[in-house]
């Protein structure tokens with residue numbers, strides 16, 4: 001399988017691998033995907049008091065394109081407000097990484113991860129530190145292949 | 001220093017060349033043995049006659065070579081040369097055996113039996129026969145990859161014409177109990193077809209004693225050229241099949257088409273070399289395979305796929321949990337292997353063979369098949385162990401699943417997103 005140079009770069013030099021303390025008040029955690037589909041992305045954002053994403057971390061179980069998509073996303077969300085982050089579209093991710101058609105779903109999952117992380121941050125702010133395990137699993141369908 | 005730098009001080013060891021990786025994908029195909037190439041070459045430019053040309057020496061000499069090759073192939077499996085039919089490969093042999101026997105014996109019955117772990121060339125052909133109106137039963141296999149003989153027996157009924165069970169599985173190397181399966185079929189007058197593409201030259205096959213009616217062979221899995229194979233069609237008792245390739249009546253009317261002399265000579269020589277070298281090759285390969293497994297076992301959360309005992313020595317199929325197969329392959333470009341991950345198959349589905357064995361999707365996704373060959377060295381094995389160990393470690397530091405497992409979370413209890 002031929003990967004674009006950018007995908008290879010993100011795979012060999014992933015940006016922002018790691019984790020934040022999931023219970024921290026300024027952290028939002030989005031976990032999307034499922035092991036059965038071969039893709040699980042965990043994206044965490046640290047948001048400052050102005051609603052700007054200061055820092056982001058990711059961990060991904062998935063193919064090179066999935067790793068690259070999520071790594072790229074941690075770069076793109078930094079410095080953006082939550083709403084600006086939500087405006088990131090999978091098509092932009094796919095174009096930047098030159099993903100082939102069969103890998104577009106990786107970029108969709110990365111977009112979903114952003115939404116999940118933002119949603120988690122906002123909901124936890126709303127409940128003001130209510131106990132949570134930091135795992136906010138998105139409810140949207142992810143496996144687009146025929147589950148035969 | 002970041003975690004990543006700590007675990008992967010140098011992902012590309014000095015001297016390794018991704019353009020020419022260590023080859024551990026012999027189950028996919030093998031290089032043609034130089035001795036086979038030497039035998040084949042004269043048949044391209046000097047002895048180029050059509051073996052069916054009865055009227056001149058060019059034809060006679062070519063025909064002689066074809067018949068010698070036929071003897072070489074039959075002697076590896078202790079069959080009569082007249083029982084060997086040349087084809088373009090094991091896929092064609094499987095098609096010829098299944099369609100040929102099913103069509104010929106249609107009046108006798110309509111029911112066919114096979115296993116869920118068979119090669120696609122068997123399963124897809126069975127599907128096609130189903131479309132033609134045959135009834136097909138696809139039996140499950142156990143976690144070991146072996147079919148339960150009681151389950152197999154229970155599937156046979158009065159209208160059953162044929163069963164197809166492969167000898168050595170191409171993904172796991174698991175060896176089915178062909179003798180027992182054949183005995184069950186023989187007593188009921190049911191034909192048994194065995195796909196031996198991965199078996200010939202790797203495990204002993206004795207068709208004088210095995211109750212098998214049809215057997216498929218491939219040249220390119222055993223250091224012969226691609227594009228040629230054979231089908232064993234038993235004579236005692238005589239097996240009848242309907243030809244699928246018409247035009248000229250070659251191969252006793254079973255498979256028409258001008259015989260590719262150079263290819264056939266190659267296959268003959270490859271089978272002959274296999275016969276000469278199988279015992280010594282296997283001993284060496286078993287040692288290398290065991291060395292590989294003992295090295296890989298040191299990695300956490302690694303599982304072997306397929307029966308530990310009933311397995312051809314060349315194969316090692318392992319799952320590296322919490323790491324996805326394609327991302328693992330990306331990191332080990334200096335080693336050529338194949339994966340049961342959906343991402344690496346055209347259909348985005350994980351290995352159906354591993355799933356048939358009851359492996360869940362994650363383990364199928366993170367599986368790697370290593371297949372060792374005649375020319376593999378201990379250095380290559382050690383290099384592979386080292387590389388896999390480092391890449392798995394690196395990918396696990398990037399894996400949220402590994403994180404969760406380390407934190408004591410039971411992944412089975414997580415409600416993942418619906419799909």
Seminar exercise, completed: Restricting the range B:369-380 to residues that are over 17 Å from residue B:294 (Cβ atoms) and part of a loop (DSSP other than H, G, I, E, B), the one farthest from the other protein chains (Cβ to nearest Cβ) turns out to be B:374
Exercise. Out of curiosity, is residue A:28 more than 14 Å from chain B (Cβ to nearest Cβ) and under 25 Å from residue B:322 (Cβ atoms)?
Worked result: yes
For this session: For the range B:113-133, indicate whether the set of residues that are over 21 Å from the mean Cα position of the chain (by Cα), surrounded by fewer than 15 Cβ atoms within 10 Å (Cβ to Cβ) and in a loop (DSSP other than H, G, I, E, B) is non-empty.
Result: yes
Exercise. If you scan the range B:85-94, which residues turn out to be touching a helix residue (DSSP H, G or I) at 6+ places or on another chain (Cβ under 8 Å) and surrounded by fewer than 23 Cβ atoms within 10 Å (Cβ to Cβ)?
Worked result: B:91
Problem set entry | Residues of the range B:328-351 satisfying the condition of being touching a strand residue (DSSP E or B) at 6+ places or on another chain (Cβ under 9 Å), facing chain A (nearest Cβ under 9 Å), assigned to a helix (DSSP H, G or I) and at pLDDT 70 or above | B:329
Problem set entry | residue B:36 part of a strand (DSSP E or B) and closer than 26 Å to residue B:278 by Cβ | no
For this session: Evaluate the range B:269-284: report whether one residue or more is within 14 Å of another protein chain (Cβ to nearest Cβ), touching a residue at least 60 places away in the same chain (Cβ under 8 Å) and either crowded, with 22+ Cβ neighbours inside 10 Å or farther than 30 Å from residue A:102 by Cβ (or both).
Result: no
For this session: Among the residues of the range A:99-148, count how many are away from every other protein chain (no Cβ under 14 Å) and either modelled with pLDDT under 80 or exposed (fewer than 15 other Cβ atoms within 10 Å of the Cβ) (or both).
Result: 10
For this session: Kindly provide the set of residues from the range A:55-66 that are without any contact (Cβ under 8 Å) to a residue 60 or more places away in the chain and facing chain B (nearest Cβ under 9 Å), ordered by number.
Result: A:58, A:59, A:60, A:61, A:62, A:63, A:66
Exercise. So is residue B:106 exposed (fewer than 14 other Cβ atoms within 10 Å of the Cβ) and either modelled with pLDDT of 95 or more or not in a loop (DSSP other than H, G, I, E, B) (or both) or not?
Worked result: no
Seminar exercise, completed: The residue that is farthest from the other protein chains (Cβ to nearest Cβ), considering only those in the range B:381-419 that are closer than 17 Å to residue B:297 by Cα, out of contact with any helix residue (DSSP H, G or I) (no Cβ under 6 Å at 6 or more places or on another chain) and surrounded by fewer than 20 Cβ atoms within 10 Å (Cβ to Cβ), is B:382
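The values are calculated or read from the model by the stated rules, or taken from the named source; none is laboratory data. Treat the numbers as computed from the prediction; the structure is a model and nothing was measured. Because the Cβ atoms are built from the backbone with ideal geometry, glycine has one as well, and the counts that use them run over all protein chains shown.
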